[in-house]
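The values are calculated or read from the model by the stated rules, or taken from the named source; none is laboratory data. Quantities reported herein were computed from a predicted structural model and do not represent experimental measurements. Don't worry about glycine lacking a Cβ; one is built from the backbone with ideal geometry, like all the others, and counts go over all protein chains shown. Calculation scope for accessible area: heavy atoms of the full protein, side chains included, ligands and nucleic acids excluded. Shrake-Rupley method; radii C 1.70, N 1.55, O 1.52, S 1.80 Å.
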Amino acid sequence: MVLTGFRPRRLLVVVAVLFGVLAAGVAPAAAHAALTGSDPAQGSVVAHAPEQVALTFSEGVAMGNDSLRVLDPQGKRVDRGKLRNLCSGSVVKYGAGLPPGLPNGTYTVAWQAISADSHPVSGAFTFSIGAPSKTAAAVPQQQVGGGLVGALYEIARYLAYAGFVLLVGGAAFVVACRPAAARVRSVQRLVVRGWALLTGATLAMLLLRTPYTGSGKLADVFDFGGLQQVVMSKPGAALLSRLLLLAAAALFVAVLFGAYARLHAPDGTDANDTDGSDGTGEAEDAEDAAKRRKDLTFGLAAGGTVLAAGLATTWAIAEHASTGLQPAVAMPVDVLHLLAVAAWLGGLAALLVSLYWGPPVERTAVRRFSRVAFGSVLVLVATGTYQSWRQVGSWHALTDTSYGQLLLVKVGLVAVMVAVAGLSRRWTGRLTAATPGTNRTNHRNRTDRTESTAAPAVAQDTSAPSDTEDAPAADTAGSGGPADPARVAQLARQQAALVTARKKRIRDADPVRRGLRRSVLTEAAVAVLLLAVTTALTTTEPARTAEAVKAASADRSPDANQPRVLNVPFDTGGADGKGTARLDLDPGRSGGGNELRLRIADPSGKARDVPQVEVSFTLGAKKLGPLPVALRHSGTGHWTASGVQLPVPGRWQLSLLVRTSDFDQVTETRNVTID
């Protein structure tokens, strides 16, 4: 169904609000490189101090000497501070050496890395030497890449995609479909704003990169030392390269709306190309102008293609395509995919503003864009199919992973766009077949027959360099008196407004044109949501990686006698409200037979009682829980529970409620993996 009864500006505002809601709900970048194993294992108890702590990842990562830290029970760093690259073949592994003679107790391992696709990842776990103990090690609760900085970075990422689409697609629409649009102000504004949007978003991403991958503090955007390190990294180099290409793109845009627009002046020649001759060489001038138009069009097409491919490459070398299976094939395919998206969606935006805020669009221009859009869809289908196979890997991953679910949403939106595009093609066919005579028949009941008969399906005159034309000022002073300049200017503005309104009525009188505008507007509205989902996909862990992590977790067989150990600091906010809860879930397996031991201690480590303590488990992926645990007080600061039931394996969330007075209580949550 075609949208009816909506004003374009109002609908665009609604679409912008929908994007704002969607962007606000976009989660921080997920772990694209996931931790698949560690030595010592998470939660394990080893008899002797290991020589090193080693981490194994699902894909390539970038790590520095401070990326892996081992903290003793007092929170002091004990690793040697030098990272070892233990990668071998397809195994991605890094380690940090430990000094000999470490005392018994619980040690905390905190790590942070940059995935090969530019997304930051981090985590922490504990292991014990000899026997578990209390620990004072403080681990950041906020995942790297989250919070305000993460939200700002994701917004900048979306705006960068939008700017690329408007810049590349709008320019391609002018060169390939409608050269006369180079003189239309609404199209000029669209392309220039696309360039400004992409430039601004790229600068923002470059400045936000330091806090996004590190501290998470917004003030660190002014850390120029960190900025220098960012520029030396692969993502930073890609962003810097994009800025250099945008400088060249600024020159391209200047030529497109300067010399190229002048060559498409109404008379078909350069408006500035006059030699004062008597007209004997007009034929030669016209032939020369046609040759200049052809040469400049070829130059802009070739140069624009190189610039557009270069800009698309800055995404391909720093995102999903640069890592995983077949990167040598995936990166060129990703470039083609981005170019096809820009040609379709950006051209659609240029056609939309032309239909609403520009002079009448030629029939041939609409037909050309229809062919370009059809070719872009074919490229998208081919490249999208390959990318989906590469990132998903299996049919069940489409429904079992966040990436697969988002991909299904994207496919659905593309299907809707293709369906609406088919409707647009039908309107385009009617537009081509329409004649002024049929238009007069459709509007024979109009009272203003002059306007009705003057409204062909699509006017051929697109010579106006702007959306409105100034009417000559009328002399209103009378035949004898001097003209009042203020009055003359006022009447001139009124006359210009009347001329503009009359032209708009004539332009919009054709019902075929109205139908085409509405269908194109519907496509554009769906395209905004499609771009938002695409952005969310770039910040979501690929399904193939998620499945590999699950498989690696399933392959690990921890000792059935080793409990899951969690140390949870808490602070209820009142007097004596601080302390630490230690929870031992033995053996930490799915099903029944688990025993939970809970110990509450004050900051000095001494066991203490509290008025109330509650424990429950929730498995959000299966919609199970919360499952409360029936605790039994077994001594000062100690509680136990037998027969704890955790029906299925998975990543359960443990919720611990501690109340230290009638008014002071807090609830802490931790994740625990149950096999």
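Just how much of V416 is accessible, in Å², when a 1.4 Å probe is used and the result is rounded to the nearest 10?
70 Å²
Probe of 1.4 angstrom, ligands and nucleic acids ignored: what's the accessible area per residue over region 301-424, in square angstrom?
Here the per-residue accessible area is 39 Å².
Quote to one decimal, in nm, the extra length available between C87 and T305 on full extension: 0.36 nm per residue of separation minus the C-alpha distance between them.
That pair, C87 and T305, stretches by 74.6 nm at full extension.
Of K93/K410; K410/K622; K76/K578; K217/K410, which ones are farther than 27 Å apart at the Cα?
Over 27 Å apart, Cα to Cα: K93/K410; K217/K410.
Report Rg/Rh for region 72-214, rounded to two decimals, where Rg is the Cα radius of gyration and Rh the Kirkwood radius.
Across region 72-214, the Cα-based Rg/Rh ratio is 1.26.
Using a Förster radius of 60 Å, what is the FRET efficiency between R670 and A254 based on their Cβ-Cβ separation? Nearest 0.05, please.
Efficiency at R0 = 60 Å is approximately 0.55.
Distance from a point 7 Å along Cα→Cβ of D576 to each backbone N in region 637-672: keep the residues under 14 Å and list them by number.
So the set is 637, 659-664.
Work out, step by step, the length gained on full extension between W389 and S604: first 0.36 nm times the residue separation, then minus their alpha carbon distance; give nm to one decimal.
Between W389 and S604, full extension yields an extra 71.9 nm.
May I ask you to rank V392, V418 by accessible area, largest first, using a 1.4 Å probe over the protein chains only?
So, going from the largest accessible area down, we get V418, V392.
Tell me the label-point distance for the pair V648, D66, using the 7 Å Cα-to-Cβ offset, in nm and rounded to one decimal.
A separation of 4.3 nm, rounded to one decimal place.
Given a Förster distance of 60 angstrom, what is the FRET efficiency for E287 paired with L627, based on the Cβ-Cβ distance and rounded to 0.05?
Result of the calculation: an efficiency of 0.10.
Given R₀ = 45 Å, FRET efficiency for L657-A382 by Cβ-Cβ distance, to 0.05?
Efficiency, rounded to the nearest 0.05: 0.25.
How far apart, in nm, are the 7 Å Cα→Cβ label points at A131 and S402?
So the two model labels end up 4.1 nm from each other.
Test of understanding: what is the full-extension gain from R77 to T636, defined as 0.36 nm times their sequence separation minus their Cα-Cα distance?
Extending this stretch completely gives an extra 198.0 nm.
Probe radius 1.4 Å, ligands and nucleic acids left out: which of E287, E668, E59 has the largest accessible area, and how do the rest follow?
Solvent-accessible surface, decreasing: E287, E668, E59.
By the gyration tensor of its Cα atoms, with a ≥ b ≥ c the square roots of the eigenvalues, what is the shape of region 347-397: rounded for a/c under 1.5, prolate for a/b over b/c, or oblate?
Prolate.
Roughly how many nanometres apart are two label points built 7 Å out from the Cα toward the Cβ at Q495 and R262?
Label-label distance for Q495 and R262, simple model: 3.0 nm.
Counting only protein chains, not ligands or nucleic acids, how are S186, S642, S394 ordered by accessible area (probe 1.4 Å), most first?
If we order S186, S642, S394 from most to least accessible, we get S642, S394, S186.
When a/c is below 1.5 the answer is rounded, else prolate if a/b is larger than b/c, else oblate, so apply that to region 586-675 with a ≥ b ≥ c taken from the square roots of the Cα gyration tensor eigenvalues.
Prolate is the answer for region 586-675, as a/c is 1.5 or above and a/b outweighs b/c.
Through the Karplus equation 6.51 cos²θ - 1.76 cosθ + 1.60, θ set to phi - 60°, convert the phi angles of region 326-334 into ³J(HN,Hα) values in whole Hz; use x for Gly and Pro.
So the J values, rounded to whole Hz, are 6, x, 5, 8, 5, 5, x, 5, 5.
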